[in-house]
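Worksheet: one structure, shown below.
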Amino acid sequence: MRIVFAGAAQEVTGSCFYVEAGGSRFLVDCGLFQGSRLAEEKNELAFPFDASRVDFVILTHAHLDHCGRLPLLAKRGFHGAVYCTEPTVQLADIVLTDAAGLIADEAERDGTDPLWSEEDLERLRPLFKPLKYHQRTKVGKVEFELYDAGHILGSSFVQIQAEGKSLVFSGDLGNPPVPLLQTTEAIPPADWVIMESTYGNRRHEDWHLRKQRLGQAIKASVSQGGTLLIPTFAIERTQEVLHDINEIVHSGALPYIPIFLDSPMAIRATEVYRDFTDYYNATAVKQLATDEDLFSFPGLSQTMSSAQSKAINTVPPPKIIMAGSGMMQGGRILHHLKQYVDEPKCTLLIVGFLVETSIGRQLLDGARHVRIYGKEYPVRCKVQAIGAYSGHADQPKLLSWIGGLPHPPKGIFIAHGEKQSALDLAQSIRSQTGFTAKIPALFEEVILE
């Protein structure tokens, strides 16, 4: 059995793992590398495998850093099946459709050919094959099963069995308890585990304080007559924040103020959340009995067009603007940030992970000036973060998950994390469980005996 770490090795994005086992060649995920540009140079590199000979793909979830190179895979000759849950099929189509436009815009601006096009996405769409959790699937001599990862709607980790060996790929593990989703399932038996380490060296705030701190940030912004900017990922973070604001509004704790969801992708993704309530946890299902829409409340406006987005700036504060992208690498949030970054009454509220190269990370790290679309701006706004809104498990939860293995594995490979995060998690796994943990390099090849 052979594995090549074709992405997310000592970094957070670009998840892609190539496996040869049981006479089959397959991938677990095929995501974009993401940095200051959507189409980073690493995405242009040749795959360390022949795309036309890949038999199938197992997609853990719909985030761009896990699915964003699938159209490129199709462009380079892949024509097998892409297995994932039904919500992942729907959400991945939304994510990839949005990415197609952004990649085309970047290519036109840079005078280059696009990494992949809408035509490549059309080649990919018929290849998706939806599965249920725990629907045991056999392709050739390879068997696999999807488990609920609790990260976003329809997210999964996967157990694969072939050649008498068992592998588990974690995908992205969730940060339970959360308002909507089931908790991350326990890890099944495995000889080898490939696991994420996004927050491998950090501990999140107490989840009980999540909604309380959001309410405090909103009230403080309202009291000073300011604008609250919330950069949100279109999938999961947006829905969780909307859910919590909905509860705060209906509790009577918040006066009527304009709240804008300024993200076409998030608006479309929220419709998918409304369609798949059978993936909700028991608490959310119970709430639906008294509130048929957990994501809507008085004062909320959804802005699809660019003209509607620009008009938000004519609305006097206090107001709340939720916009993408969540990592603040582009999108409408940067256009709003240009307007308010030098306003002392503005608050930028971070509720998700930010890669090292992002503008949001610079601001969170205390930058006094920031460059947005080629122009430098002084930073006078307040910058706050609520770590408990992260969709990724922190170190204690990662250790608890891997520590739940019924038998010691032969080895663990740490991926999908910045280098120091991966190093710290590997050390903690060794010291607390005694398991062997290694950190592969990009394109490193491993033979599992």
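In segment 221-242, which residue that is of a type in the set (A, V, I, L, M, F, W, C) and touching a strand residue (DSSP E or B) at 6+ places or on another chain (Cβ under 9 Å) is nearest to residue 150 (Cα to Cα)?
241
Identify, please: which residue in segment 181-199 is within 16 Å of the chain's Cα centre (by Cα) and of a type outside the set (D, E, K, R) and is, among those, surrounded by the most Cβ atoms within 10 Å (Cβ to Cβ)?
Only one residue fits best here, namely 197.
Out of 62, 104, 46, which single residue is in contact with a Pro (Cβ under 9 Å, 6 or more places away or on another chain) and under 17 Å from residue 7 (Cβ atoms)?
62
For segment 39-53, enumerate the residues that are closer than 26 Å to residue 357 by Cα, over 24 Å from the mean Cα position of the chain (by Cα) and surrounded by fewer than 12 Cβ atoms within 10 Å (Cβ to Cβ).
46
If we only count helices (runs of 4 or more DSSP H) wholly inside segment 60-178, which ones have 2 or more residues that are crowded, with 23+ Cβ neighbours inside 10 Å, in contact (Cβ under 8 Å) with a residue 12 or more places away in the chain and not assigned by TED's automatic domain parsing to the domain that holds residue 9?
The helices (runs of 4 or more DSSP H) meeting that bar number zero.
Quick check on residue 423: is it within 23 Å of residue 168 (Cα to Cα) and over 21 Å from the mean Cα position of the chain (by Cα)?
yes
Would you tally the residues in segment 332-349 being surrounded by fewer than 23 Cβ atoms within 10 Å (Cβ to Cβ) and within 26 Å of residue 199 (Cα to Cα)?
2
Take residue 352 and tell me if it is closer than 21 Å to residue 34 by Cα and more than 25 Å from the chain's Cα centre (by Cα).
It is false that residue 352 is closer than 21 Å to residue 34 by Cα and more than 25 Å from the chain's Cα centre (by Cα).
Could you please let me know if residue 424 is outside the structural domain of residue 20 (by TED's automatic domain parsing), closer than 27 Å to residue 210 by Cβ and acidic (Asp, Glu)?
In short, no.
Look through 35, 14 and report the one residue that is in contact (Cβ under 8 Å) with a residue 12 or more places away in the chain, assigned to a loop (DSSP other than H, G, I, E, B) and crowded, with 23+ Cβ neighbours inside 10 Å.
Unique residue meeting the criteria: 14.
Can you pull out the residues in segment 9-25 that are at pLDDT 95 or above, of a type in the set (A, V, I, L, M, F, W, C) and in contact with a Gly (Cβ under 8 Å, 6 or more places away or on another chain)?
16, 17
Criterion first (over 24 Å from residue 199 (Cβ atoms) and touching a helix residue (DSSP H, G or I) at 6+ places or on another chain (Cβ under 8 Å)) does residue 73 satisfy it?
yes
Under the condition of being of a type in the set (Asp, Glu) and within 30 Å of residue 98 (Cβ to Cβ), which residue from segment 206-261 is surrounded by the most Cβ atoms within 10 Å (Cβ to Cβ)?
236
Are any residues in segment 183-217 out of contact with any strand residue (DSSP E or B) (no Cβ under 6 Å at 6 or more places or on another chain), under 24 Å from residue 406 (Cα atoms) and of a type in the set (Asp, Glu), and if so, which ones?
196
The values are calculated or read from the model by the stated rules, or taken from the named source; none is laboratory data. Please read these numbers as outputs of a predicted model, since none were measured by experiment. No Cβ is skipped: glycine too gets one built from the backbone with ideal geometry, and neighbour counts run over all protein chains shown.
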